[in-house]
Amino acid sequence: MMNTLKNFNLRDQGAKIWAGWNRSSRVVFVLFIVAMVGLLPFASSFGPTSFLNTPISSYIDVLVFPVGMFVLMALGLNIVVGKSGLLDLGYVAFFAIGAYSQAILSTLYGWNTWTVLPFGIGLAMVSGVILGLPALRLRGDYLAIITLGFGEIVRIVALNISVTGGPNGIPGIPNPPSVLGVKFDLEHTRNFFYLVVLLILLTVWMIRRFTIRRPGRAWEAIRQDEDVAALMGVNTLVYKLWSFVIGAAVGGAAGVIYASKVMVISPDMFKFEVSILILACVVFGGLGNIWGVILGAAMLAYIPERIRFLTEARQLVFGLVLILMMNLRPDGLLPRKKREKITEKGAK
Amino acid sequence: MNFSVISTQFPSLLLQGLALGLIYALVSLGYTMVYGVLRLINFANSEVFMIGTFTTLYIQTNFLGYTNLSQPIHGAKLWYSLLLSLVGSMVVSALVAVIVELVAYRRLRAKGANRLASLISAIGVSIVLLEGMGILTGSRPKSAPRLLEKWSFGEVAGANFRIDTLLTIVIPIVIFVILTRFVTQTRLGKSIRAVSMSEENSKLMGININKVITLTFIIGGLTTGAASFLFMTVYENTAFNVGFNMGIAAFTAAVLGGIGNLKGAFYGGIALGLMEQFASAVIGSEWKAVTVFVVLVTVLLFKPNGLFGEAVQQTRT
């Protein structure tokens, strides 16, 4: 009994069922899941699902941040860490760059969120290139410390220059203007949730496209063995840079939306802890598997809010959950497909 | 930018940088020893340092009964108290490091888990230690009694050379000399080096891998504990989150020197301490971290394995 439980691989079981379905049942299933997610904001007010309600913070706010945002960022980081196997400890930098471009451009120049969005994504991508070009020539843990440093540098710069308002941050960031009558403001938090869900769906679609095409195969080869990939003619630096930049783009998009949702940002929202938390979401859910990452991020974002009544011990319990889960399921909640699983060289 | 401070305060900046750097060097041993055998970042080492500072504080206030108001003490009693807090802090830190290994690494290693899985479980242990201490201390910073009267030996080339500076320079150097001899000359030290070269082959040679790994955690814990004692002697206060900045600095020092070897930790620590002191004096302390990381990136660009980097085939495994 214990053994079957241990070897039970939800990912593979799920994949088997999925493979047995025809196209129409797949479409129905996906629509059903999307509809369930769409109903989430209402869950707190109905009978049996009301246990989902968060005790202190507003439930709908929690669904947008941290849950939605964490899922989005974890998906972005998953491209870097899960798909191409690069350890990035400073992912929050791209989030911060997106958030600050929204804050500065909207308060100083009066741009609205929708015009800032492509610009913020572009800026995050450019900074990804600037960081990636020197950093991606290094391997493994050296890359980790460089990215960690980059994350801290972005925060320190924001803390010490005047255009970002220093430690006080930037207040009074406008909400996005309404689109086709859909309003985005304090009274319509639910719409922010749907906006984030839309972004998540777009990201998932993008990752799935990449995965089955040339970049996905190149990333997979790089992750399994970089030297062999280079020998086989994969331009490793270019593809590593691409995965880095695409990850950065997702982080930047999340930052722009986040800034226009919370309306005030300050440097202490972009601490090292956030990068670690996002990385924990990716590994906790299942490195490299989109559905695992979504589940893991949703859980790790939601649990601390749900147990907020524990006040001080909240983070302690969170740490215990991390230790326990990693010990019970080292490959995460939903591990990646078996054929993609390789034993890393040197890891024992 | 204020370059004149370099010429006016050069000796004192040099001394302070050296003392700070040697503390970094001791903590970075906790990263570099473990990295050498496991190829993993020992994320919880920053909390080992934090526990060490609180142990020093506990021994001095609760065990020896000094308070913040007590006068500095002299003679044999002083050296006894200092030695006791040094040894106590080292032993407790080593114990915590061993527990970290048991909880965060051993089971996962036995399962052959992904490297990132152990990284996350180490982060989990680190959060538990951090928040646990935060709850115990009510998240307030604590200050230590001043046992050692900080008398000055006088001016050395314009720098105020004090007793605590002397201690923070002498103790780490002694520890490094002992450790280098241990690693190069004793049987246990040789087994550590063997495991860091190849785990499979050392297993075949009859080396008990688990024992060696525990040993490296003990050594890392001992040196980190010594660093906590020195930190408390110089700065005289601590808080539950004191480990975070120290951990990042020490890890940077280890990478700068070339992670995985003793010489790298030693010189990397000193280089980092000097850079921080000079950068704070010249550019301003708020840009300290930025300067350090820019220097680190530049060094790694030209020497991708750090200043005293390990052989290439070792880093690539």
Could you check A:P304 against (1) of a type outside the set (G, A, S); (2) within 14 Å of chain B (Cβ to nearest Cβ); (3) under 28 Å from A:L123 (Cβ atoms); (4) in contact with a Phe, Trp or Tyr (Cβ under 8 Å, 6 or more places away or on another chain) and say which number it fails?
(3)
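Quick one: count up the residues across the stretch B:93-104 that are more than 10 Å from every other protein chain (Cβ to nearest Cβ) and either closer than 12 Å to B:G220 by Cα or crowded, with 24+ Cβ neighbours inside 10 Å (or both). So that I can check it myself, show each step before the final result.
Restricting attention to the stretch B:93-104, the residues satisfying the condition of being more than 10 Å from every other protein chain (Cβ to nearest Cβ) are B:93-102.
With the extra rule that they be either closer than 12 Å to B:G220 by Cα or crowded, with 24+ Cβ neighbours inside 10 Å (or both), the set shrinks to B:93-98, B:100-101.
Total meeting the criteria: 8.
Working carefully through the options B:N42, B:N114, find the one that is modelled with pLDDT under 90, farther than 20 Å from B:A239 by Cβ, polar (S, T, N, Q) and in contact with a helix residue (DSSP H, G or I) (Cβ under 6 Å, 6 or more places away or on another chain). Walk me through it before giving the result.
Values: B:N114 fails: in contact with a helix residue (DSSP H, G or I) (Cβ under 6 Å, 6 or more places away or on another chain).
That would be B:N42, the only listed residue that is modelled with pLDDT under 90, farther than 20 Å from B:A239 by Cβ, polar (S, T, N, Q) and in contact with a helix residue (DSSP H, G or I) (Cβ under 6 Å, 6 or more places away or on another chain).
Which members of the stretch B:248-263 meet the condition of being assigned to a helix (DSSP H, G or I) and within 10 Å of another protein chain (Cβ to nearest Cβ)? Talk me through it step by step, then tell me what you get.
Restricting attention to the stretch B:248-263, the residues satisfying the condition of being assigned to a helix (DSSP H, G or I) are B:248-257, B:262-263.
Listed by number, the residues that qualify are B:I248, B:F251, B:T252, B:A254, B:V255, B:L256.
Could you please let me know if B:V100 is assigned to a helix (DSSP H, G or I) and touching a residue at least 24 places away in the same chain (Cβ under 8 Å)?
Working: assigned to a helix (DSSP H, G or I): yes; touching a residue at least 24 places away in the same chain (Cβ under 8 Å): yes.
In short, yes.
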Among the residues in the stretch B:25-32, are any crowded, with 24+ Cβ neighbours inside 10 Å and not in a helix (DSSP H, G or I)?
no
Report, by residue number, each residue of the stretch B:223-246 that is within 14 Å of chain A (Cβ to nearest Cβ) and free of Cβ contacts under 8 Å to residues at least 60 places away in the same chain.
B:N245
For the stretch A:91-112, how many residues meet the condition of being part of a helix (DSSP H, G or I) and either surrounded by 23 or more Cβ atoms within 10 Å (Cβ to Cβ) or in contact with a Cys (Cβ under 7 Å, 6 or more places away or on another chain) (or both)?
13
Under the condition of being touching a helix residue (DSSP H, G or I) at 6+ places or on another chain (Cβ under 7 Å) and among the polar types (S, T, N, Q), which residue from the stretch A:47-90 is surrounded by the fewest Cβ atoms within 10 Å (Cβ to Cβ)?
A:S50
Of B:R115, B:R107, which residue is within 14 Å of chain A (Cβ to nearest Cβ) and without any contact (Cβ under 8 Å) to a residue 60 or more places away in the chain?
B:R107
Only one of (1) farther than 25 Å from A:N327 by Cα; (2) within 22 Å of the chain's Cα centre (by Cα); (3) without any contact (Cβ under 8 Å) to a residue 12 or more places away in the chain is not met by B:L86, so which one is it?
(3)
How many residues of the stretch A:153-183 are within 30 Å of A:G90 (Cα to Cα) and assigned to a loop (DSSP other than H, G, I, E, B)? The answer is 12
Do you know which residues across the stretch B:265-298 are closer than 26 Å to B:G36 by Cβ and among the polar types (S, T, N, Q)?
B:T298
Exactly one of these conditions fails for A:M232: (1) within 13 Å of chain B (Cβ to nearest Cβ); (2) free of Cβ contacts under 8 Å to residues at least 12 places away in the same chain. Give me its number.
(1)
From the list B:A97, B:A44, which one is closer than 28 Å to B:I169 by Cα and touching a Gly at 6+ places or on another chain (Cβ under 6 Å)?
B:A97
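Would you tally the residues in the stretch A:318-348 being assigned to a helix (DSSP H, G or I) and either at pLDDT 85 or above or under 19 Å from B:E101 (Cα atoms) (or both)? If you could, list the steps in order and put the result at the bottom.
At the first step, the residues of the stretch A:318-348 found to be assigned to a helix (DSSP H, G or I) are A:318-328, A:338-340.
Pick out the ones that are also either at pLDDT 85 or above or under 19 Å from B:E101 (Cα atoms) (or both) and you get A:319-328.
Residues flagged as assigned to a helix (DSSP H, G or I) and either at pLDDT 85 or above or under 19 Å from B:E101 (Cα atoms) (or both) within the stretch A:318-348 amount to 10.
Could you pull out the residue among B:S198, B:S139, B:S202 that is within 14 Å of another protein chain (Cβ to nearest Cβ), among the polar types (S, T, N, Q) and within 25 Å of B:I51 (Cβ to Cβ)?
Values: B:S198 fails: within 25 Å of B:I51 (Cβ to Cβ); B:S202 fails: within 25 Å of B:I51 (Cβ to Cβ).
Within the list B:S198, B:S139, B:S202, the selection yields B:S139.
Restricting to the stretch B:247-281, count the residues that are closer than 14 Å to B:L300 by Cβ and without any contact (Cβ under 8 Å) to a residue 40 or more places away in the chain. Please lay out each step first, then the result.
If we filter the stretch B:247-281 for residues that are closer than 14 Å to B:L300 by Cβ, which is where we start, we get B:251-259, B:264, B:268, B:271-272.
In the following step, the residues that additionally are without any contact (Cβ under 8 Å) to a residue 40 or more places away in the chain were identified as none.
Looking only at that region, the number is 0.
Sort through A:G233, A:G255, A:G247 and tell me the only one that's part of a loop (DSSP other than H, G, I, E, B), at pLDDT 90 or above and not β-branched (V, I, T). Before the answer, list the steps.
Details: A:G255 fails: part of a loop (DSSP other than H, G, I, E, B); A:G247 fails: part of a loop (DSSP other than H, G, I, E, B).
Being part of a loop (DSSP other than H, G, I, E, B), at pLDDT 90 or above and not β-branched (V, I, T) holds for just one of A:G233, A:G255, A:G247, which is A:G233.
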What is the one condition in (1) outside any loop (DSSP other than H, G, I, E, B); (2) within 14 Å of chain B (Cβ to nearest Cβ) that A:L138 does not satisfy?
(1)
Identify the residue in the stretch A:250-281 that is within 20 Å of A:E152 (Cβ to Cβ) and β-branched (V, I, T) and, among all such residues, is farthest from the other protein chains (Cβ to nearest Cβ).
A:I265
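Considering only residues that are within 10 Å of B:G247 (Cβ to Cβ) and of a type in the set (V, I, T), which ones fall in the stretch B:1-40? Working first, answer last.
Taking the stretch B:1-40 as the starting set, the residues that turn out to be within 10 Å of B:G247 (Cβ to Cβ) are B:27-28, B:30-31.
Result: B:V27, single match.
Listed here are the residues, each with its yes/no results for (1) within 12 Å of another protein chain (Cβ to nearest Cβ); (2) not polar (S, T, N, Q).
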site	(1), (2)
A:E152	yes, yes
A:L159	yes, yes
A:P167	yes, yes
A:P174	no, yes
A:D185	no, yes
A:F192	no, yes
A:T211	no, no
A:R214	no, yes
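The values are calculated or read from the model by the stated rules, or taken from the named source; none is laboratory data. Note that the structure is predicted; figures quoted are calculated from it, not measured. All Cβ positions, even for glycine, are placed from backbone atoms using ideal geometry, and neighbour counts span all protein chains on display.
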